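Here the structure is laid out as structure tokens; the discussion comes afterwards.
The values are calculated or read from the model by the stated rules, or taken from the named source; none is laboratory data. Computed from a prediction, not measured in an experiment: that's the story for all the values here. Note that we place each Cβ from the backbone using ideal geometry, even for glycine, and neighbour counts take in every protein chain shown.
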Amino acid sequence: MVGNGDVSADHVIAELIDMGFAFDKAVKAIEVVGPCLDDALEFILNGSCDRARALDCCSTARPRTLGLRRLKQSNIRDHVCPSDKKKRSLSCGSCDASSSKLMKIQARFEPAAKSSQQEFGVHVQAAEPVLTLQGKTNVVQPKLCSSQCGGVELEWEQKVSGILQKHFGFSSLKSFQKEALEAWLTNRDCLVLAATGSGKSLCFQIPALLSGKIVVVISPLISLMHDQCLKLAKHGVSACFLGSGQPDSSVESKAMSGIYSIVYVCPETVLRLIEPLKRLAESHGIALFAIDEVHCVSKWGHDFRPDYRRLSVLRENFSTSKLKFLKFDIPLIALTATATIPVREDIVKSLHMSNETKIILTSFFRPNLQFSVKHSRTSSVSSYEKDFRVLIETYAVERRVKIKKSGCPNDIDEDSHFSSRSLDDNSSDGEESFSSGMNPDYDHDGADANDIDSTDDDSAFSCGKNKLTVEFLEDELDNTLYVDDFDVSCGEFIGNPLSASSEFCQASVIPCKEASLEQGPTIVYVPTRKETLKIAEYLSRHGVRAAAYHAKLPKSHLRRVHDEFHRNQLQVVVATIAFGMGIDKSNVRRIIHYGWPQSLEAYYQEAGRAGRDGKLSDCTLYVNLSRIPTLLPSQRSEEQTKQAYRMLSDCFRYAMNNSVCRSRTLVKYFGEELTNERCHLCDVCVGGPPKIQNLKEEAAIFLRVVKAEYMGVNAVYGESSKRNFLERPNFKTLVSKIRQRFHKYSASDRLWWQGLARILEDKGYIREGDDDKVHVCIKYPEPTELGLKFLQSVETLDAYPEGDMLLSTEKKPYSSFSDWGRGWADPEIRRQRLQRTKCRSWKRKMRSKRPPRDSNTVRGRLSAKLAKVKH
Ligand SMILES: Nc1ncnc2c1ncn2[C@@H]1O[C@H](COP(=O)(O)OP(=O)(O)OP(=O)(O)O)[C@@H](O)[C@H]1O
Ligand SMILES: [Mg+2]
């Protein structure tokens, strides 16, 4: 029928697809019930439809939207506001004997509104509000009072277990999830700190299903809310998201009238909706306020959002003192995977969480992630060639296998050059967003004398088949994707059947180092937008199905990347931090950080996208160990800048360290001591630390020079004078002095001394003299008492050389300016350098010979004008 060119059927299918239903589902519905939208809808949602009535209804001119509303509301309302029939009230004596805990737990299941049932006594359990697998309302009959049938705990655990099986396909709760539920059942606020991918979302999803009341979830990103709503719909739970990214204006009023079990909302919107939420609390009951990714509350966190800080209004407005119909303050649950100890304290304080807040702290350790750090300049195509060779080869093998299986190379070839093609497709709507709001506004590390990094030109960019315009070349840190930055086609999700082959069933294999990586996608995180495009283009050119992702790309492109990534159609996404929080795809096998992350929290958060199925996954950090990271977001207060530098410094130390297990360092950063000494997977555990060295002689020289300079300046200007500090030589000058005074070290590398200074600082022998600023690396070293004592002692200084120290001792053409000068004497070095200079001047010449700009574009006209002025 559908395939026979039936126009009305096609029309109905199109409408269904518009509503967000899958094509095959729409086709099947039409085949069964005929080309009637209402009946097709009923068939999809309820899994059945009276065929005779369907035919009858097709001839009735009933407004389509009304039909839809009737279906949705009757289905969902039925269980969101459980009717008298669905409840059993017990005022029996057996209940009187129950403990106070029982009373509290029972209160959980009462609707907040003063309903008629309340007059009959305490409800033991509300009907379970669930949608069946077919999307049909299904009310589980309430059970008898728990004290009658053997224990409250057993009662609710059984109930949860049923919900878990039915909706999510899991056999049991994880212990931290159980603890969080227990806290909620006893009306306590709760702060959950659990590893990425551990399953925090269930802690606030189950209460909605268990109580029949509404759970309001505050979430920072629209893409995250969208993903979660889609998943819930798949699991048969009605949910929606609200915010400026919500295209359907009716969803908000529907949510406020209690249609959805779970309402996701961005912080700005929840602040606006306080009054409607109060009415919702009275009419339907709000079971819980969940604040997801709660580290955004804290100024000390890596992703501070000012609106998150104002969420204390939830406690202020939804407490018994404000709302007389409440029996207890509506509990808050706050969840994050990346909060250091100061951040946790800040969260509890700023959200006005109660003094009895239950803190659930699980291990941050991810046993299936193998961490490693590699040195790379990360800025040139030659680095890409070196660093992405294995990745390209891996996917090439995958392609070959696919071609062999399908026997049709064309199918697969079509997918290459993905990123370029996708961007081209969107060029029209993307143009505006690319050219607006981009400030090349970040601190560059002043390349110092010893840095021999050759800056790359844009040749890699312009020589590709699909040229990218200059509008793509902005170089700013990405803004995190705020709610407004991402629009989605629908925001309303009604439960769909749970697929039998649930991708959420977790594998519980604990990988060992011998295991090899399975096939799966990769996310490459880069610090700037420009690099997302450069690298995606590079990978596409080498046959990898790769796409770029950053907040300023066209929304349609971002949507497509999300979509294709989740459907395994993309092999690599090259992204800024905008593709971080909440990406929950089970089989991500590799996370590559290509450049310095802004903090270890951000790093761990992004690395946490890997291996969510529990299988071995790789997290590699490629950074230029010869450069101090200084890339910071613009528009920060002085205090925030200091904090940002502190976080960068922690990152820098993490990468430089090569003697302590990486996982150990990472979890320690979040205040956890790994029970095992090592993870047995990271590069340090597998490759072992470098050879320990006695650095006494160098340490003594360094301390002596620092002491002499420090004393000298103090002697001239007095100890506490401001001038004293300004006159003090900085680290670079100190190294020059060492080179001048000690012949043995005349050709030594500054990087080596930088590593030594860090070791001395860690030991407490020197300190930073500049108290006004935070530096990633010590800038004005000052000797400490301990350092001066060490100078007098015969103590040795045994230490592992760090990343920069090892790098500086690796063979390289020259290690200092003097060596560089000497290099000209070597004919081979001279030839190479002259070759490079020739190449540069040739490129300059070619640039000047570029064809005239297109007079149809603003840029073209402007450059023509400029050329005129020059002449
Ligand atoms: N009890 C459980 N048993 C098995 N799998 C579970 C359980 N709870 C959650 N999961 C699975 O764990 C995965 C991660 O869940 P979720 O997205 O809630 O993680 P998260 O802790 O919020 O991670 P992130 O910090 O990255 O947001 C999901 O795919 C989910 O299916
Ligand atoms: Mg989460």
task: Run residue 306 past the list (1) within 16 Å of ligand 2 (Cβ to nearest atom); (2) farther than 23 Å from residue 208 by Cβ and report the number of the one that doesn't hold.
output: (1)
field: Test: residue in region 320-341 that is outside any loop (DSSP other than H, G, I, E, B), surrounded by fewer than 19 Cβ atoms within 10 Å (Cβ to Cβ) and either of a type outside the set (Gly, Ala, Ser) or touching a helix residue (DSSP H, G or I) at 6+ places or on another chain (Cβ under 8 Å) (or both)
entry: yes
field: Residues located in region 342-384, provided they are closer than 20 Å to residue 203 by Cα, surrounded by 21 or more Cβ atoms within 10 Å (Cβ to Cβ) and within 16 Å of ligand 1 (Cβ to nearest atom)
entry: 344, 347, 360, 364, 366
- line: Selection from region 587-616 of residues within 16 Å of ligand 2 (Cβ to nearest atom) and hydrophobic (A, V, I, L, M, F, W, C) yields 588, 602, 607, 610
- prompt: Quick check: is even one residue across region 657-674 in a loop (DSSP other than H, G, I, E, B), out of contact with any Pro (no Cβ under 7 Å at 6 or more places or on another chain) and closer than 21 Å to residue 304 by Cβ?
  reply: yes
- prompt: Which of the residues belonging to region 304-319 are assigned to a loop (DSSP other than H, G, I, E, B) and closer than 16 Å to residue 279 by Cα?
  reply: 318, 319
message: Could you check region 800-821 and list, in sequence order, the residues that are at pLDDT below 90 and either buried (at least 21 other Cβ atoms within 10 Å of the Cβ) or of a type in the set (S, T, N, Q) (or both)?
response: 808, 809, 815, 816, 818
message: Being free of Cβ contacts under 8 Å to residues at least 24 places away in the same chain and more than 16 Å from ligand 2 (Cβ to nearest atom): is that true of residue 159 here?
response: no
field: Close pairs from region 218-236: first more than 18 Å from residue 335 (Cα to Cα), partner within 11 Å of ligand 1 (Cβ to nearest atom) and hydrophobic (A, V, I, L, M, F, W, C), Cβ under 6 Å, at least 6 apart
entry: 235/168
query: Can you tell which of 669, 645 is touching a Lys or Arg at 6+ places or on another chain (Cβ under 8 Å) and of a type in the set (Ser, Thr, Tyr)?
result: 645
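Residues of region 204-240 being more than 19 Å from the chain's Cα centre (by Cα) and not aliphatic (A, V, I, L, M), which ones?
Passing the criteria: 204, 205, 207, 211, 212, 213, 234, 235, 236, 238, 240.
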statement: Sole miss for residue 211 among (1) within 15 Å of ligand 1 (Cβ to nearest atom); (2) in contact with a Lys or Arg (Cβ under 7 Å, 6 or more places away or on another chain); (3) among the hydroxyl-bearing types (Ser, Thr, Tyr) is condition (1)
query: Given the conditions (1) within 16 Å of ligand 2 (Cβ to nearest atom); (2) in a helix (DSSP H, G or I); (3) over 30 Å from residue 558 (Cβ atoms), and given that residue 191 satisfies all but one, which numbered condition is not satisfied?
result: (2)
task: Considering every residue within region 831-838, establish whether at least one is among the β-branched types (Val, Ile, Thr), farther than 22 Å from residue 744 by Cα, modelled with pLDDT of 70 or more and under 42 Å from the mean Cα position of the chain (by Cα).
output: no
statement: Exactly one of 602, 607 is buried (at least 24 other Cβ atoms within 10 Å of the Cβ) and either at negative phi or not small (Gly, Ala, Ser) (or both), and that one is 607
query: Of the residues that make up region 239-253, is at least one touching a residue at least 40 places away in the same chain (Cβ under 8 Å) and within 14 Å of ligand 2 (Cβ to nearest atom)?
result: no
task: With the condition kept exactly as written, say whether any residue in region 636-651 is within 16 Å of ligand 2 (Cβ to nearest atom), farther than 20 Å from residue 336 by Cα and surrounded by 18 or more Cβ atoms within 10 Å (Cβ to Cβ).
output: no
- request: With the checklist (1) away from ligand 1 (no atom under 16 Å from the Cβ); (2) closer than 13 Å to residue 335 by Cβ in hand, flag the one item residue 180 doesn't pass.
  value: (1)
field: Scan of region 534-586 for residues that are in a loop (DSSP other than H, G, I, E, B) and within 16 Å of ligand 2 (Cβ to nearest atom), ordered by number
entry: 580, 581, 582, 583, 584, 585, 586
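Somewhere in region 360-374, is a residue over 30 Å from residue 530 (Cβ atoms) and free of Cβ contacts under 8 Å to residues at least 40 places away in the same chain? Before you say what the answer is, go through the steps one by one.
Going through region 360-374, the residues over 30 Å from residue 530 (Cβ atoms) turn out to be 360-368.
From the residues that got through so far, the ones that are free of Cβ contacts under 8 Å to residues at least 40 places away in the same chain too are none.
No; the residues of region 360-374 include none that is over 30 Å from residue 530 (Cβ atoms) and free of Cβ contacts under 8 Å to residues at least 40 places away in the same chain.
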Enumeration of residues in region 222-277 that are of a type in the set (Asp, Glu) and more than 16 Å from ligand 1 (Cβ to nearest atom): 248, 252, 268, 275
task: Sort through 231, 213 and tell me the only one that's of a type in the set (D, E, K, R), more than 16 Å from ligand 2 (Cβ to nearest atom) and out of contact with any Asp or Glu (no Cβ under 7 Å at 6 or more places or on another chain).
output: 213
- request: Please enumerate the residues belonging to region 313-330 that are hydroxyl-bearing (Ser, Thr, Tyr) and closer than 15 Å to residue 288 by Cβ.
  value: 319
- request: All but one of (1) surrounded by fewer than 13 Cβ atoms within 10 Å (Cβ to Cβ); (2) at negative phi; (3) modelled with pLDDT under 80 hold for residue 407, so report the exception by its number.
  value: (2)
message: Need pairs with beta-carbon distance below 8 Å; first residue among the charged types (D, E, K, R) and within region 202-213, second more than 16 Å from ligand 2 (Cβ to nearest atom); sequence gap 6+ or separate chains.
response: 213/111; 213/112; 213/284; 213/285; 213/286; 213/287
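Could you tell me which residue of region 578-599 is surrounded by the fewest Cβ atoms within 10 Å (Cβ to Cβ), considering only residues that are of a type in the set (Gly, Ala, Ser), within 11 Å of ligand 1 (Cβ to nearest atom) and farther than 19 Å from residue 530 by Cα?
Result: 586.
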message: Residues that are under 17 Å from residue 200 (Cβ atoms) and of a type in the set (Ser, Thr, Tyr): does region 255-268 have at least one?
response: yes
task: Specify the residue that is nearest to ligand 2 (Cβ to nearest atom); the eligible residues are those in region 179-188 that are in a helix (DSSP H, G or I) and in contact with a helix residue (DSSP H, G or I) (Cβ under 8 Å, 6 or more places away or on another chain).
output: 180
